[in-house]
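The values are calculated or read from the model by the stated rules, or taken from the named source; none is laboratory data. Because the structure is predicted, anything quoted here is derived from the model rather than measured. FYI the Cβ positions are ideal-geometry reconstructions off the backbone, even for glycines, and counts take in every protein chain you see. All accessible areas refer to the heavy atoms of the entire protein, side chains included, with ligands and DNA or RNA removed. Shrake-Rupley method; radii C 1.70, N 1.55, O 1.52, S 1.80 Å.
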Amino acid sequence: MKKTIFYFLILLLSGCIFIKDQVLNLEFGYIKTIPKEAQNFIKDVGDTLILTKEEIKQYNKEIAKKTDSLYDVLNMESLTKEEIKKYIDSYTLPFLPKYDSNKVLTALNTKTIIENRNIENVETQTDLLKGIIVKRSDLRAFPTEVSFYDKKGIQDFDRIQETELAINTPVRILHESKDQLWNFVVSPIYAGWVLKENIALAKEEDWDFFIHNPAFGVITDANLKVEGDILDMGVRLPVTNFLEDQYQLAVPIKTEENTVSKKIIHLSKDKAHIGYLPYTSNNVILQAFKYENIPYSWGGKEEGVDCSSFVRNVYKTFGFIFPRNTAEQKNSVGEILLLTNKSLKEKQKLISENGVSLLYEPGHVMMYLGQKNGKNYVMHASGKEKKVTLMELNSSHLSKIDRIVKVP
């Protein structure tokens, strides 16, 4: 009962309770200053709530039915040896020649990496260990920090980098590498290898506190740096207290015994929101603009973001659970309007008529934000520009766009 009352008070204080016609005003309590460029796309009248939090929760179930790339790690208890081997063997090393910076990789390098999977010692796991990510982590196809680039000296597409895992991501630990530096894990969005030092073992009460806690705050900034940590947009952390102009949140850390503990941080109220943000078009636009000029990197390597994780993180702030990659997103996250065989003019018209939405071309996704001076504008994490950027929707991209996805 005490926990329920506390949670209600948190919701009340954060302004997350909506009644009657569910129309919001433009006070935006979680953000102090609306970016100047964003003002071109923000509605200057009431912004209607699109879905409630409960409706988003139900919508996530529909997304999960349409894709095989979301994993229910919270209820994953055991796996056979064969099932674990299947996860590990789902990855193959790219063909040589490949380069780690300026170093040419050899057959001996690849043999060592393959052997480090330690696959001959995989065992059936009847009680899978629970873990929590305590540092923003690269998730790799193989247990190595060696990169596999196509060209010497060009480091923009590491072919064994799969994704990044944000702090406070729950994982199930399946296996350990031969050098004992890596764990093969299943996360909610991907399976792969993560450095052991970035994972803390969690008991059931740890998961209850960090993962299931109904009193939580959501990070609303992009790549927020706090006391040496990088907190991605959409990261959910337990809230422990309210101060006059700050929230007090708990971040998971690792003890010397490899178990999880907590560190208390204080964030100003424009960098986090208690509970998920109200899902409105204006808020989607604001969240997208917070990523403007953040560096691009394939698979979120180091501190960057790629096109699909940019989109995923923006929608995480509202409680949506998207697949990680464009191939799965484009078929599962919303209502699809195919643009095949449409002229450029027809595409422009249909895009402008559908409002804030996702535009997919083969291997890429952009967020349509609206019109400025009668022209359509998108924001995307651009490999060419090496950053998240706002641009007029040009004919080059328009010719490749094959669908509009409205969420929802």
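In the chain, helices alone account for a calculated mean residue ellipticity at 222 nm of -6000 deg cm²/dmol, with every DSSP H run of four or more residues adding -39,500 (n - 2.57). Per residue, segment 64-152 exposes an accessible area of 58 Å² to a 1.4 Å probe, with every protein chain left in place. Proximity of backbone amide H atoms, modeled 1.01 Å from N, is registered between N118 and K178 at under 5 Å, excluding neighbours fewer than 5 places apart on the same chain.
Within the listed set P252, P170, P94, the residue fluctuating most in the Gaussian network model of the chain (springs between alpha-carbon atoms under 10 angstrom) is P94. The protection proxy used here, the mean number of other Cβ atoms lying within 10 Å of each residue, ranks peptides 73-86, 228-241 as follows, highest first: 228-241, 73-86.
Local charge sum around L79 (other residues, Cβ-Cβ under 15 Å, Lys/Arg +1, Asp/Glu -1)? List each step's numbers first, then the result.
Details: positive: K81, K85, K86, K130, R172; negative: D72, E77, E82, E83, D89, E123, D127, E176.
Taking every Cβ under 15 Å from that of L79, the sum is -3.
Kirkwood radius for segment 335-382, taken over all pairs of different Cα atoms as the inverse mean of 1/r, rounds to 11.3 Å.
Close amide H partners of Y296, meaning residues 5 or more places away or on another chain with modelled amide H under 5 Å apart, are V305, K387, V388. To put it simply, the accessible area of the chain at a 1.4 Å probe is 50 percent carbon and sulfur. Each peptide among 274-280, 329-335, 63-69 gets the average number of other Cβ atoms lying within 10 Å of its residues, and from highest to lowest they stand as 274-280, 329-335, 63-69.
Classified by the C-alpha gyration tensor, segment 62-157 has a prolate form. Its axis ratio a/c, with a ≥ b ≥ c, is 1.5 or above, and a/b is larger than b/c.
Amide H contacts for N376 (H built 1.01 Å from N in the peptide plane; partners 5 or more residues away or on another chain; cut-off under 5 Å): L393. Along its first, second and third principal axes, ordered by size, segment 221-347 spans 58, 34, 26 Å in Cα coordinates.
The string of couplings for segment 251-264 from the Karplus curve (6.51, -1.76, 1.60, θ = phi - 60°) is 10, x, 10, 9, 8, 5, 8, 6, 9, 8, 9, 10, 10, 8 Hz, one whole number per residue in order, with x for Gly and Pro.
On a per residue basis, segment 162-287 carries 34 Å² of accessible surface, using protein heavy atoms and a 1.4 Å probe. A simple count of charges around A141, restricted to other residues whose Cβ falls under 9 Å of its Cβ and scoring Lys, Arg +1 and Asp, Glu -1, yields +1.
Using the Cβ atoms and a cut-off under 9 Å, what net charge is assigned to the surroundings of V305, where Lys and Arg are +1 and Asp and Glu are -1? Around V305, the surrounding residues sum to -4.
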